[in-house]
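Quick notes on the structure that follows.
The values are calculated or read from the model by the stated rules, or taken from the named source; none is laboratory data. If you're wondering where the values come from, they're calculated on a predicted model, not measured in any experiment. Here the Cβ positions follow ideal geometry from the backbone for every residue, glycine too, while neighbour counts run over all protein chains shown. Protein only, heavy atoms only, side chains kept; ligands, DNA and RNA dropped before computing areas. Shrake-Rupley method; radii C 1.70, N 1.55, O 1.52, S 1.80 Å.
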Amino acid sequence: MLKMLSKMAMCKSHGQDSSYFIGWQEYEKNPYDPLQNPSGIIQMGLAENQLSFDLIESWLTRNQDVIQFRENGGSMFRDLALFQDYHGLQAFKNVLVSLMAEIRRKKVKFDPKNLVLTAGSTSANETLIFCLAEPGEALLIPTPYYPGFDRDLKWRTGAEIVPIQCYSSNNFRITESALEEAYEQAQKRNLTVKGVFITNPSNPLGTTMSRNELNILITFAMTKNIHIVSDEIYAGTVFDSPKFVSIIEALIDRKLEKSKMWNQVHIVSSLSKDLGLPGFRVGMIYSNNETLIAAATKMSSFGLISSQTQYLLSKILGDRRFIKRYVKQNKKQLIHRREMLASGLANSGIECLDSNAGLFCFVDMRDLLNSNTFEAEMELWKKIISNVGLNVSPGSSCHCSEPGWFRVCFANMSKETLDLAMQRINNFVNFDRDIHRQQPLRFVTGAGSRRRRTIANWVVKFSSGDGRRDR
C-alpha cells in the first residue's frame, strides 16, 4: 500500500502520551466551575499567571487610542495591516530589551539588534535547536525539566535529550559530577553533545540557579566547547531571595565578554509568564552570535508575531511607570499565592521544595506512596485526578529522578478555588491515613466501590465555592 503520510506525520515522539498532557485531557472532560460543575477537576497543571490582569485591563481602559490603533489623531490600522517585516517593529524590540534589563536589575544591557522575535517561547526554543544541532546530536538537560521540552526540542529537529540527573538531597542542584556523568552517557550512546539547556528560574522547581551552579556550568561548557541555552521565561516571576542571576550576568562577572563563550550562550525569553500573556504568543531569542541571529531571524518567518500585537504591547511596555508598578504588584501577588499553597499543604502534612520564583511549587508527596516506585507515583496521581479532582503534574512527567514529587500550580485560579483545592487535598490525605491505620498492609490499594462513594461524597461536600468565577 502506498504510504500516504510522511514519517513526521506518523512520528510518535510528540510526547502527547505523557501523563502531563493526559492530565490536561482529563481536566477538559470534567472542568471545575463553582456554579455549573462544583465537583469537577480543578486545573493545577497550568503554569499561567492570572494574578495581575486587573492592572493591564485598567491600563487599556485608560488608553483607548492604543486599542483603536490611533496615534497623534490618526489611524495606524493601515500601516499595521500592511507591515510584513519579519525583523519586527523596532519600537517593540526596543521596549523588550528595556524590560529584560529591568527584570535583571539592570545588571545586563541588551542590544535590540541581537534579538529575534518568535511566536512564543516554544518557537524560540525549537528555532535555537535547529540552529545549534543536527538530527541525532544531543543536548544535556538537568532533571526535572518541563515535559513539553520532549516535544519542543526533539520532535521536529531530530535532536536528542540526555538528562543531567539531579536529586532532592541537594534540592536538585546541578553538580560538576552530574554534568560529567551525563556527558559520558551521551558518549556511550555515540551522541555528539552540542550544548547544555537549562531553565532559570526552573520549571518545575520554582528555584533560581545559584552563582556557583552557573559558574560550574560555564566552566563545563568552556572545557567541552559546547553551547549554553538558558530559558529565562520565568525571570520576571522571582519574588524572593536569592535574586535572579542571568547566564549573561554570570559571564560578565567572569569578564568573558571577549571570549569564545560569549558567542556560545543564548537566552530564551517571553511575555507569557512575566506579564501573563501566553495568548499573545510573544517569544524571544537573544544571542551575541551574529550568524545564529541571522539564521534565526530568517527562520522566524515561519512563526511571526502579528504587527497589531507588537504595536499594542510596545505601548504598554513603553509606559515605564506602569511596568514598574506591575512588576512590584505581581511579585506581591505571587508571594501571597505561594504562601497560600505551601501553608495549605503543610496543614495536610505535605511539604514543598523551598522556592523563590515561578507559578508553581514542587511538592513532596513521597509519604503518600505505597512504595518507593514510579508505579506507585502514577497510582497516586490517578487518585488525585479521579478522586480528589485536582490535575497536578507528576514528577515522572518531568523526568524527575525520584518518585513522589508533583508540580502544583497556584497562579491560574481565584483564591476561593485555591482554598477549595487545599480542602480537597486535606480531606483526601486524612481519609487515606485513616484507611492506612485500619489496613496498614494495604495502604489505599484495596479501594472498592464503598471507598469511591465515600470520596465522591466529600468531594461534592467541599466543592461549594462562593459563586465567583476564576479570573
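Cβ-Cβ contacts under 6 Å between residues 6 or more apart (or on different chains), taken from a first residue in the stretch 248-260 that is over 13 Å from residue 222 (Cα atoms) to a second residue that is assigned to a helix (DSSP H, G or I), are listed as 250/214. If the condition is being buried (at least 18 other Cβ atoms within 10 Å of the Cβ), assigned to a loop (DSSP other than H, G, I, E, B) and in contact with a Gly (Cβ under 9 Å, 6 or more places away or on another chain), then the stretch 156-171 contributes only 159.
Taking into account only those residues within the stretch 208-220 that are crowded, with 23+ Cβ neighbours inside 10 Å and under 20 Å from the mean Cα position of the chain (by Cα), which is farthest from residue 395 (Cα to Cα)?
Kept after step one, since they are crowded, with 23+ Cβ neighbours inside 10 Å, are these residues of the stretch 208-220: 208-209, 214, 217.
Still in the list and also under 20 Å from the mean Cα position of the chain (by Cα): 208-209, 214.
On the way: 208: 19, 209: 19, 214: 24 Å.
Out of the qualifying residues, it is 214.
Annotation: of all residues in the stretch 1-11 being in a loop (DSSP other than H, G, I, E, B) and open to solvent by less than 80 Å² (accessible area, probe 1.4 Å), the one that is modelled with the lowest pLDDT is 11.
On the stretch given as the stretch 104-122, residues that are in a helix (DSSP H, G or I) and under 19 Å from residue 201 (Cα atoms) total 2. Scanning the stretch 12-56 for residues that are farther than 18 Å from residue 383 by Cα, open to solvent by 50 Å² or more (accessible area, probe 1.4 Å), out of contact with any helix residue (DSSP H, G or I) (no Cβ under 9 Å at 6 or more places or on another chain) and part of a loop (DSSP other than H, G, I, E, B) yields 12, 17, 35, 36. Of the residues 242, 204, 278, the single one that is touching a residue at least 40 places away in the same chain (Cβ under 8 Å) and open to solvent by 50 Å² or more (accessible area, probe 1.4 Å) is 242. Beta carbons closer than 6 Å, at least 6 apart along the sequence or on distinct chains, pair a first residue in the stretch 368-379 that is among the β-branched types (Val, Ile, Thr) with a second that is open to solvent by less than 60 Å² (accessible area, probe 1.4 Å) for 373/403.
Only one residue in 300, 314 is polar (S, T, N, Q) and over 19 Å from residue 66 (Cα atoms). Which one? Write out each step before concluding.
On the way: 314 fails: over 19 Å from residue 66 (Cα atoms).
So the residue among 300, 314 that is polar (S, T, N, Q) and over 19 Å from residue 66 (Cα atoms) is 300.
The residues listed here are 125, 63, 94; of these, the one that is touching a residue at least 12 places away in the same chain (Cβ under 8 Å) and out of contact with any Gly (no Cβ under 9 Å at 6 or more places or on another chain) is 63.
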